[in-house]
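Visitor: Let me give you the structure first, and then I'll get to my questions.
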Amino acid sequence: MKKTHVAIIGAGRGGTSLIEIFHSDPLVKIMGVADIRHRAPGILLARRLAIPTTRDYKHLLRLKKVDILIDVTGNPKVDRSLREFQRTDVAVIGGPIAKFMWQLIEARIKSQEEIEKHLREYQALYGLYLREIQHAIAEERTRIALDIHDGLVQTLVGLNYKLDLCGELSEKDPAQSRLLILETRELLKVAIEEARQVVFNLRPLHFDRMELFPAIRNYLKTYARQYQIETDFKVRGDEHRIPPRVKIFLFRIIQEALSNVERHAKATRIGVDLTIGKSDLRTTLSDNGRGFDLEEVSSHPEKWASFGLKGIMERARLLGGTAMIDTKLGQGTKIVLRVPLVEKETRLHE
């Protein structure tokens, strides 16, 4: 069985507990441990076990052969770096989730069967998460390729034709040539806008600003124009209360849901309603399409996956939230996503 390669940032109580349990597990290999303290307990243990150590956690970010990064430092600077860390083949665990993980281990769940069960569950979830990301990337590439072919390329072909015609008419009919030049300028503006849209689709959430609401509005505008499906976006609350990682996942969930509507629902209208409350975020996605038999679809894994519902449910789960689906044949579909907005702790107890 393939081993899971883990790197640990932080070598206090939490890091030490993780090292103790993972080192003895045949399904896990620790690739490195980082801590600024030269004689942190986890660093001393790692050296005894011949595990590579470093005082700079950024060395671990550059490891090629790593599946999971676990941060138990509680350091805001480290947390920010990990949020900006962009590798789809690496899962990052930090904050309250990491704290819960090492506290659970400290509780001494010693039963080997129990440990293997939890590892299998986590590996299955991580594997699904990775497959979902790879599937999303493939779909996004295909969609962008179609956008370029059907939009930008066709516009550029038209530009080339008009420029050729301008060349032919420049001496024969200067007035007509000037008119064509004006038309070409307008067509060039269209090409520039289409190129900007392609760039936006590649990185809809600007990582320097992480503005979710403008990204959703822009996406819905493009979606409505491309598929002739009316869209409506309503929002209540302060975007700044949403953590960056939640924004990225939420945007991808909305993309997945709207892609499903276009492929399966035969809808003419879709609504996105986003409410940011005191303790959680609620997103409702509803369409007036043909709906489906939820019980029948959920009983067939292949249909459940092909409808995109599996990916939506798992993404919600990875955020610690839930996704509820309400649909009936001929009555449209409603997806209600709830995600907790828990304040991050400034310092984990090491």
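Visitor: Go through (1) part of a helix (DSSP H, G or I); (2) among the basic types (Lys, Arg); (3) out of contact with any helix residue (DSSP H, G or I) (no Cβ under 9 Å at 6 or more places or on another chain) for residue 245 and report which single condition fails.
Guide: (3)
Visitor: Taking residue 117, is it among the basic types (Lys, Arg) and modelled with pLDDT under 90? Don't jump to the end; show me each part of the working.
Guide: Values: among the basic types (Lys, Arg): yes; modelled with pLDDT under 90: yes.
Taking the combined requirement at face value, the residue satisfies it.
Visitor: Something else now. Of the residues 338, 282, which single one is farther than 30 Å from residue 14 by Cα, crowded, with 16+ Cβ neighbours inside 10 Å and at pLDDT 90 or above?
Guide: Details: 338 fails: farther than 30 Å from residue 14 by Cα.
That would be 282, the only listed residue that is farther than 30 Å from residue 14 by Cα, crowded, with 16+ Cβ neighbours inside 10 Å and at pLDDT 90 or above.
Visitor: A follow-up question, please. Given the residues 230, 239, which is the only one that is charged (D, E, K, R), in contact (Cβ under 8 Å) with a residue 12 or more places away in the chain and out of contact with any Asp or Glu (no Cβ under 8 Å at 6 or more places or on another chain)? Give the steps one after another, and end with the answer.
Guide: Working: 239 fails: out of contact with any Asp or Glu (no Cβ under 8 Å at 6 or more places or on another chain).
Of 230, 239, the one residue that is charged (D, E, K, R), in contact (Cβ under 8 Å) with a residue 12 or more places away in the chain and out of contact with any Asp or Glu (no Cβ under 8 Å at 6 or more places or on another chain) is 230.
Visitor: Return yes or no: is residue 86 modelled with pLDDT of 70 or more, under 30 Å from residue 258 (Cα atoms) and out of contact with any strand residue (DSSP E or B) (no Cβ under 7 Å at 6 or more places or on another chain)? Give the derivation first.
Guide: Values: modelled with pLDDT of 70 or more: yes; under 30 Å from residue 258 (Cα atoms): yes; out of contact with any strand residue (DSSP E or B) (no Cβ under 7 Å at 6 or more places or on another chain): yes.
So residue 86 fits the description; yes.
Visitor: Would you mind telling me which numbered condition in (1) touching a residue at least 40 places away in the same chain (Cβ under 8 Å); (2) loosely packed, with under 14 Cβ neighbours inside 10 Å residue 252 fails?
Guide: Residue 252 satisfies every listed condition except (2).
Visitor: Report whether or not residue 40 is in contact with a helix residue (DSSP H, G or I) (Cβ under 8 Å, 6 or more places away or on another chain), crowded, with 17+ Cβ neighbours inside 10 Å and modelled with pLDDT under 90.
Guide: Values: in contact with a helix residue (DSSP H, G or I) (Cβ under 8 Å, 6 or more places away or on another chain): yes; crowded, with 17+ Cβ neighbours inside 10 Å: yes; modelled with pLDDT under 90: no.
No.
Visitor: Hey, another quick one. Considering only residues that are at pLDDT 80 or above and assigned to a loop (DSSP other than H, G, I, E, B), look in segment 196-239 and name the one that is surrounded by the most Cβ atoms within 10 Å (Cβ to Cβ).
Guide: From segment 196-239, those at pLDDT 80 or above are 211-225, 227-239; that's our starting set.
Now narrow it down to the ones that are assigned to a loop (DSSP other than H, G, I, E, B): 211, 228-229, 237-238.
Details: 211: 15, 228: 9, 229: 21, 237: 16, 238: 8.
Ranking the candidates gives 229 first.
The values are calculated or read from the model by the stated rules, or taken from the named source; none is laboratory data. In this text the structure is predicted, and so the values were computed from the model without any measurement. When we count neighbours, we look across all protein chains shown, and the Cβ atoms used for this are built from the backbone with ideal geometry, even at glycine.
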